[in-house]
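The values are calculated or read from the model by the stated rules, or taken from the named source; none is laboratory data. Everything numeric here is computed off the predicted structure, so don't read it as measured data. Ideal geometry is used to build each Cβ from the backbone, glycine not excepted, and the neighbour counts take in all protein chains shown. Side chains included, ligands, DNA and RNA excluded: accessible areas come from the protein's heavy atoms. Shrake-Rupley method; radii C 1.70, N 1.55, O 1.52, S 1.80 Å.
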There are 2 protein chains.
Amino acid sequence: MDIEEIKHKITKGGLKFTHQRMVIYEELTGSQNHPTAEWVYEQVREKNPSISLGTVYKTLDTFVNAGIIQKFVDNNGVMRFDAILEAHSHLYDKETNEIRDYRNKDLESLLKKFFDNNEIKDFEVEDISVVIKGRNK
Amino acid sequence: MDIEEIKHKITKGGLKFTHQRMVIYEELTGSQNHPTAEWVYEQVREKNPSISLGTVYKTLDTFVNAGIIQKFVDNNGVMRFDAILEAHSHLYDKETNEIRDYRNKDLESLLKKFFDNNEIKDFEVEDISVVIKGRNK
DNA sequence: ATCAGTGCAAATGCTTTGCATCGGT
DNA sequence: ACCGATGCAAAGCATTTGCACTGAT
């Protein structure tokens, strides 16, 4: 993804385009992990050593509120960020705490169909994901 | 659940039976919520005012390790505890942070069948649950 | 020039740890 | 009597907040 593309992603939500936001967003799309704020901070510091951890937190939060990225909480209660917006499920390794994406069109349509046909009383569904716990082998 | 039953639950895992463990376990089975450690602490203090928050945390952890209860993390990174051991899904209200159980045999067998038929490369599945985010209405 | 964004440090909230004392077996 | 369980306070860690300064528009 080039600079103009990133700039557009950020500014179309009405946000100012800053160097910090640029490098943070770049880092998020570049990684296949599900990085923590701390990890993003470490990476981004290599390109911009004066950035502060507080700014990383605020920026990630801003991106989440603007709908540019997603966040979720891992099994240890730590926030994870993800530039992939489409619904997808996660594999949690109980030993290493590694989190991998699991994407399967069949599963997604299966779930979509299920919840379309089974309305939940008093609840409006916005987002469905599957949490799969186990271990890498 | 009477005292003897609770005592058996606790001691069969090799744990000592103490007053604190008794009241904590009682509180967990009595509530239909998904209590936080803090909430359990408040409740239990009514029956045993000298109990400490640290003991509540340690006891809950002990129960989890003994397989007597389950724990998971809510969307704010706070630990939630649950005396129900069978797999079940949760409804997260984005506004109030309330968590409700969602149990549906059809969904459970659908998921079980799916993962029986779709082995995941390099990953051994132990536990599947669905996270449903949205809002109460 | 304005006002949102940033950096820094202090504060917060939940959870864990260390250690002396207590109590179940 | 032994050794795990408890109470208390301090420490730990991820995250948030307050505020003066900076920089994008």
Restricted to the range A:106-127 and to residues being open to solvent by 40 Å² or more (accessible area, probe 1.4 Å) and of a type outside the set (D, E, K, R), the residue nearest to the other protein chains (Cβ to nearest Cβ) is A:125
Residue hits (the range B:9-41; open to solvent by 60 Å² or more (accessible area, probe 1.4 Å) and either within 11 Å of DNA strand C (Cβ to nearest atom) or within 14 Å of chain A (Cβ to nearest Cβ) (or both)) are B:14, B:16, B:17, B:19, B:20, B:38, B:39
If residue B:69 satisfies every condition in (1) open to solvent by 50 Å² or more (accessible area, probe 1.4 Å); (2) within 18 Å of residue A:94 (Cβ to Cβ) but one, which is the exception? (1)
Members of the range A:42-68 found to be part of a loop (DSSP other than H, G, I, E, B), within 14 Å of DNA strand C (Cβ to nearest atom) and within 30 Å of residue A:106 (Cβ to Cβ), listed by number: A:68
Scan the range B:84-95 and tell me whether some residue there is β-branched (Val, Ile, Thr), on the phi < 0 side of the Ramachandran plot, within 16 Å of DNA strand D (Cβ to nearest atom) and not in a strand (DSSP E or B). no
Conditions (1) in contact with a Phe, Trp or Tyr (Cβ under 7 Å, 6 or more places away or on another chain); (2) open to solvent by 50 Å² or more (accessible area, probe 1.4 Å) -> residue A:61 fails only (1)
Please name all residue pairs, on different chains or six or more residues apart, with Cβ atoms under 6 Å, provided the first residue is in the range A:15-30 and is free of Cβ contacts under 8 Å to residues at least 12 places away in the same chain and the second residue is surrounded by fewer than 17 Cβ atoms within 10 Å (Cβ to Cβ). A:17/A:7; A:17/A:11
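Please work out if residue B:134 is open to solvent by less than 60 Å² (accessible area, probe 1.4 Å), small (Gly, Ala, Ser) and more than 14 Å from chain A (Cβ to nearest Cβ).
Numbers: open to solvent by less than 60 Å² (accessible area, probe 1.4 Å): yes; small (Gly, Ala, Ser): yes; more than 14 Å from chain A (Cβ to nearest Cβ): no.
Spelling it out, it is not the case that residue B:134 is open to solvent by less than 60 Å² (accessible area, probe 1.4 Å), small (Gly, Ala, Ser) and more than 14 Å from chain A (Cβ to nearest Cβ).
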Matching residues in the range A:78-105 - criterion: being within 20 Å of residue B:133 (Cα to Cα), within 16 Å of DNA strand C (Cβ to nearest atom) and facing chain B (nearest Cβ under 9 Å): A:78, A:79
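Might you check whether a residue that is out of contact with any Cys (no Cβ under 7 Å at 6 or more places or on another chain), more than 14 Å from DNA strand D (Cβ to nearest atom) and not aromatic (Phe, Trp, Tyr) occurs anywhere in the range B:45-67?
We begin by selecting, within the range B:45-67, every residue out of contact with any Cys (no Cβ under 7 Å at 6 or more places or on another chain); these are B:45-67.
Going one step further and asking which of them are more than 14 Å from DNA strand D (Cβ to nearest atom), we end up with B:67.
Next, only the ones that are not aromatic (Phe, Trp, Tyr) stay: B:67.
Within the range B:45-67 (the criterion being out of contact with any Cys (no Cβ under 7 Å at 6 or more places or on another chain), more than 14 Å from DNA strand D (Cβ to nearest atom) and not aromatic (Phe, Trp, Tyr)), the answer is yes, since at least one residue qualifies.
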